[in-house]
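First the structure, in the form of C-alpha cells, and then the observations on it.
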Amino acid sequence: MSGVRVLVGTRKGAFILSADGKRAQWDVSGPHFPGWEIYHVKGSPVQPNRLFASQTSAWFGQQIQRSDDGGLTWEPVGNAFVYDGVPGTHQWYDGTPHPWEFARVWHLEPSLTDPDTVYAGVEDAALFRSTDGGRNWNELSGLRGHGSGPNWQPGAGGMCLHTILLDPANPERIFVAISAAGAFRSDDGGTTWRPINRGLKSEGIPDPAAEVGHCVHRLAMHPSNPNRLYMQKHWDVMRTDDAGESWSEVSGNLPTDFGFAIDVHAHEPETIYVVPIKSDAEHFPLDGKLRVYRSRTGGTEWEPLTAGLPQRDCYVNVLRDAMSVDTLDPCGIYFGTTGGAVYGSNDAGDSWAPIVRDLPAVLSVEVQSLA
Amino acid sequence: MIRVVLPVALRALARIEGEVALSVEGEPTQGSVLDALEQRYPMLQGAIRDRVTRKRRPFVRFFACERDLSHEAPETPLPDAVARGLEPLLVVGAMAGG
C-alpha cells in the first residue's frame, strides 16, 4: 500500500512522520541529531530511501548527513563549503561592503535524475553542487559572480539562498531565489545566471526596474508547467507564466499578502496554497486565526481553509520551507509552525489535523510519497 | 597518549564514547592535537576550527589543567600534564546563546 514520509527539520533536531496512504495514523521517529538545527531534509526522487539533511549549529558549524535507508541510520558526508576563488564582498545592512562568509546550508535539492547529485543553497548566498552523494561540494560560482553580486544585501534572516527549483522538462534550467537579492535563472545547468525580477515591486526600492534587491521568500513550481512559477514575496504573491521574464501580482482577495510559504497542488497546476501572515513586523496570522488560503485559479481568487486549524489565540509563523505536498490522491498538504506543530490535510486542504503538536520550532517540511 | 574530551554534540556526531586518546609525534600542541583528532574523525573538520582559516570557532573553547587555552596560538605546546596524559584537553561548547 502506498504511504507518505514527512521529513521535518526543527530548531533542535529532525523528525520523520510516517503513515500509510490513508494518512490518518502516524508514526513519529526522532529527534534525529538532537540539539542541532536541522534546516532542511529532503529525499532523492530517484532513490527515495536516500535522504540528505542539513545539520547546523552556531557552535559547531555545518554538517551534511545522508541516509540510505529512509532515515533509520545516517552518515555525515562532506561539509566543506568553500567559495570558489576570492569571494569578494556583498552589501552589509548599512550599505558597506561585507566579505562573503559561509554560515549554513538552508536548502538541499536532490537531482531529479541522479541519486548522487544534490544542490545546496547556502548563506551567504551561493549555490553548491555535489555529484558524489554529498561528499564533495563545488560552488556554481557564476551565480555569485553575476555582476550584481556586490549589490546583494541580506534579509533579516541572513543572506540565504533558500529556493532551488529544477526544471523537469529542461535539465539545463535551474531557478533559485535569494533573500534579499531576488530570483535568478540559469539555462546552462548552473554555469551562468541572470536575475528574473521584472515586475516585482517592493516598498523601499525606488527603481521599479531594479535588477536585484527584492526579498523573495519562496518560489513554487508544478512539474507539468515549469514555465509558470508562483512566488511568495516579502509582501505580495506573484506569478510568472514565462519562466520569470515578467511577474504579475496575484494577491487578489488575500487578507494580507505577507507570508513565507507557498506550494502547488500535486495534480492541479492552478491550485496553490499560502499561509498569510499579518505583517513584516508581526510574524503571526491575522487575528490569531491560523488559515491556509487556497486559490484554484492560479492566484487572485482565494478561499480560507480553516477546518481543524486553530481559529483563536494562534500566534505562530510558518516559515518558507515549511510547507509541502504529497502526490497521492487526494493530494495531501502539510505545514509546520514555529510553535512546533505539523498539520496535515489528506483532502487537498478541505480539512486539517495536527500530526504532532509540540516539536521544537519547525524550519522545514518535505514529503515523500512512497509506492 | 593525549587525552581529549569533546562536548556531547561532537561525541554524538563522531560516535565517540568517553575520551579520545591520540598519539601525536613530537611535542604536542593545540594545533597538532586537533590535526590528529580531525584525521581520525574527518566529520570534525570544520566543527572545532574553521575549515579555511583554521581559526577556533567563536563558540568553542579549549581548557586544560584549570587554564583557558582558547586564545593561545596553535603552535603553543600544551601543558606538560596534558602531554604526559595525566590531564585531558577539554574542548568545550561555550555557554553562549540562549
| field | DSSP beta bridges in segment B:2-93 [antiparallel fraction, %, rounded to 5] | value | 85
| query | Scattering from the C-alpha atoms of the protein assembly as shown alone, worked out with Debye: what is log10 I(q)/I(0) at q = 0.06, 0.08, 0.10, 0.12 1/Å? | reply | -0.28, -0.48, -0.74, -1.03
| request: Using only Cα atoms, locate the centre of segment A:321-351 and the centre of segment B:32-76, then give the distance between them in Å, rounded to an integer. | output: 43
| note | Summing +1 per Lys or Arg and -1 per Asp or Glu among the other residues with Cβ less than 9 Å from A:Pro154's Cβ gives -2
| Summing +1 for each Lys or Arg and -1 for each Asp or Glu, what net charge is found among the other residues whose Cβ lies under 12 Å from the Cβ of B:Glu27? | -2
| Taking chain A as a Gaussian network, where each spring joins two C-alpha atoms under 10 Å apart, which residue of A:Phe258, A:Phe60, A:Phe128 fluctuates the most? | A:Phe60
| Kirkwood hydrodynamic radius for segment B:2-93: how many Å is it when counted over pairs of different Cα atoms? | 13.0
| field | Stretch gain in nm, segment A:Val28-A:Ala209, where the contour uses 0.36 nm per residue and the Cα spacing is subtracted | value | 60.4 nm
| request: Mind checking the full-extension length gain between A:Asp313 and A:Asp188? Use 0.36 nm per residue of separation minus the Cα-Cα distance, one decimal, nm. | output: 40.1 nm
| Tell me, what does the Kirkwood hydrodynamic radius of segment A:223-289 come to in angstroms if you use every pair of distinct C-alpha atoms? | 12.6
| For segment A:240-275, list residues with backbone N below 17 Å from a point placed 7 Å from the Cα of A:Asn170 toward its Cβ? | A:240-247
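With the contact rule set at Cα under 8 Å and sequence spacing of 6 or more, what percent relative contact order holds for chain A? Don't skip to the answer; put the middle values down first.
Numbers: 1106 pairs, mean separation 46.2, N = 371.
Relative contact order comes out at 12 percent.
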| query | Cβ under 11 Å from A:His222's Cβ, A:His222 left aside: what net charge do those residues give with Lys, Arg +1 and Asp, Glu -1? | reply | -2
| If you take the beta carbon distance between B:Ala21 and A:Arg11 as r and set R0 to 35 Å, what does 1/(1 + (r/R0)^6) give as a FRET efficiency, to the nearest 0.05? | 0.55
| field | DSSP loop GluC sites (Glu not before Pro) with at most 13 other Cβ within 10 Å excluded, longest remaining stretch of chain A | value | A:1-100
| field | At R0 = 25 Å, FRET efficiency that the Cβ-Cβ distance of A:Glu301 and A:Thr256 yields, to 0.05 | value | 0.95
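Readers should treat all values here as calculations from the given coordinates under stated rules, not as data from a laboratory. Note that the structure is a prediction, hence the values are computed from the model and not measured. When we count neighbours, we look across all protein chains shown, and the Cβ atoms used for this are built from the backbone with ideal geometry, even at glycine.
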